[in-house]
1. Output the residues belonging to region 160-182 that are hydrophobic (A, V, I, L, M, F, W, C), assigned to a helix (DSSP H, G or I) and more than 16 Å from the ligand (Cβ to nearest atom).
2. Quick one: is Leu44 modelled with pLDDT of 95 or more, in a loop (DSSP other than H, G, I, E, B), out of contact with any strand residue (DSSP E or B) (no Cβ under 7 Å at 6 or more places or on another chain) and buried (at least 18 other Cβ atoms within 10 Å of the Cβ)?
3. Among the numbered criteria (1) away from the ligand (no atom under 16 Å from the Cβ); (2) surrounded by 19 or more Cβ atoms within 10 Å (Cβ to Cβ), which one does Asp279 miss?
4. What strands (runs of 3 or more DSSP E) completely inside region 374-457 contain at least 2 residues that are in contact (Cβ under 8 Å) with a residue 12 or more places away in the chain and within 16 Å of the ligand (Cβ to nearest atom)?
5. Of the conditions (1) in contact (Cβ under 8 Å) with a residue 40 or more places away in the chain; (2) surrounded by fewer than 17 Cβ atoms within 10 Å (Cβ to Cβ); (3) not in a helix (DSSP H, G or I), Gln206 clears all except one; give me its number.
6. Tell me whether region 338-349 contains one or more residues that are touching a Lys or Arg at 6+ places or on another chain (Cβ under 7 Å), within 18 Å of Asn259 (Cβ to Cβ) and within 16 Å of the ligand (Cβ to nearest atom).
7. Does Leu356 meet the test of being assigned to a strand (DSSP E or B), more than 15 Å from the ligand (Cβ to nearest atom) and under 17 Å from Phe262 (Cα atoms)?
8. Please verify whether Asp299 is of a type in the set (Asp, Glu), more than 16 Å from the ligand (Cβ to nearest atom) and surrounded by 15 or more Cβ atoms within 10 Å (Cβ to Cβ), treating the condition exactly as stated.
Amino acid sequence: MATAEAKPGAAESKAEKAPPSTIVIFGATGDLTKRKLVPALFNLVAGGLLPDELAIVGFGRTEMSSEQFRDHMREDLERFATRKVDPQLADWLIERISYTAGNFKDSASYERLESTIQKAEQERRTGGSRLYYLATPPPFFADIVQHLGEAKMAAEPEGHFRRVVIEKPFGHDLESAEELNRQIREVLQEKQIYRIDHYLGKETVQNIMAFRFANGIFEPIWNRRYIDHVQITVAESVGVEDRGSYYENAGALRDVLQNHVFQLLAFVAMEPPISFAADIVRDERVKILKALRPMSNEDVLREAVRGQYGEGVIDGERVRAYRAETDVSPHSTTETYAALKVHIDNWRWADVPFYLRTGKCMPRRVTEIAVHFKRAPHMLFRDTTVEALNPNVLVLHIQPDEGVSLRFDAKIPGPKMALGTVKMDFEYEDYFGSTPQTGYETLLYDCMEGDSTLFHRSDVVEASWEAVTPVLDVWKTLVPRNFPNYPAGSWGPKEADDLIQRDGRQWRTPRPRPKKEKDC
Ligand code: BG6
């Protein structure tokens, strides 16, 4: 383990309270609100980051009173909070919540909503700033924004903001994403739109920038001269759970690879921005997506792999096949695994392949970026017992372990020259303690602050759809005949191994990092 100079918590950033505002949650009775948004707001309360002048208005399709909604939120908070619920802090939050039921497509509902918001604004003295959070199914996004426009709820009053947070998936392909962008921009200015990708709210994802750009020693070797290839893995041990009907039309490529994995790729590959300003950082991220080499049909056949899990065993438990999941067709051709080999056509990364993979029902949950360096250029130890030199691997562990590790060779003590592979490990919790977060805290806070660095601009969304369009097209045309092609509890289909082995490389097998004896 690396030696700490910082004391735990020493580098904790001191943030100001967010400005007065009303958060209006569309789809307030859904899963996202109870599992993520309310627990995240609670964590912000506990961190002293929310102003006294705050109101939260839930808007949903289920009829209920504000009192009933508050009761549900209180129960859900007990269930989903990521920290122990202090009753006083919970009261502080819950008493600021009100609710109104309505139909997202009906103008009269927006009139009722407006009067509920105005009442809350007066009671809580929030001024006129509002954050509309669209936590609804995607087909409602455009309608809601149109209605906000018609009801004059979107225009920013002098000195106050009106911002709209839009959940993923943003579109289903390039065409639908462009259309959605067009529709919402009829009502909103780009600076009012916050397209969310919850991966960008993860501390360890943001740490990629700190790691690369706050330390002088990594950037000089962060390029094609020293790096052989990069592997990015987002593996989940869960299946589709109760989201079968959504997932059937999405699949792993749309659900995770096109957004979360591409964002990890952008952070790890981008050029150093000239400042931390939102648009400057987003300019650099989008350049990476635009530099992705377009794939021909032949490239797709060779460099894109899809899979679907059959039944299997995970953690000693039998798991049913994807086709046997609720709301999934018994003949489904939806992929639950996707792997791609991509190239970034710029000076820094020419000829460096990036291998990307994501899948459901893998042996364990792990998200990591492994940077594989080139072997040492000269075999100095020829007349010794050393047969081969292992390349160095630097791993950015995103979740559930959070940290950075470096694998390198060292001499095994003794009279002969023999090498053993060792590793240096940094773990977040060793230095900064750990307070589990939902990932939405920073995003909600940033949005209230008006900092859009961690949100997608329309060009980011469109560039990432553009990059996967050839794959979507080929996969749509060619029906997969070998599904299911990997058992639940394995690391994916054999074709994915072939994809990387053809280049003389291997996927890493991430293993749990047992305390004090960690794998790199
Ligand atoms: C979501 C996907 O965006 O990300 C889910 O829709 C996936 O299918 C989830 O499970 C993974 O997020 P996390 O934070 O658990 O890695």
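The values are calculated or read from the model by the stated rules, or taken from the named source; none is laboratory data. Predicted model, so just to flag it, every value in this text is computed and none were measured. Neighbour counts are summed over all protein chains in view; Cβ atoms, including those assigned to glycine, are modelled from backbone coordinates with ideal geometry.
1. Once the filter is applied, which keeps residues that are hydrophobic (A, V, I, L, M, F, W, C), assigned to a helix (DSSP H, G or I) and more than 16 Å from the ligand (Cβ to nearest atom), region 160-182 yields Leu174, Leu180.
2. no
3. Every listed condition holds for Asp279 apart from (2).
4. Answer list for region 374-457: 393-399.
5. Failing condition for Gln206: (3).
6. Yes, the conditions are met somewhere in region 338-349.
7. no
8. Spelling it out, Asp299 is indeed of a type in the set (Asp, Glu), more than 16 Å from the ligand (Cβ to nearest atom) and surrounded by 15 or more Cβ atoms within 10 Å (Cβ to Cβ).
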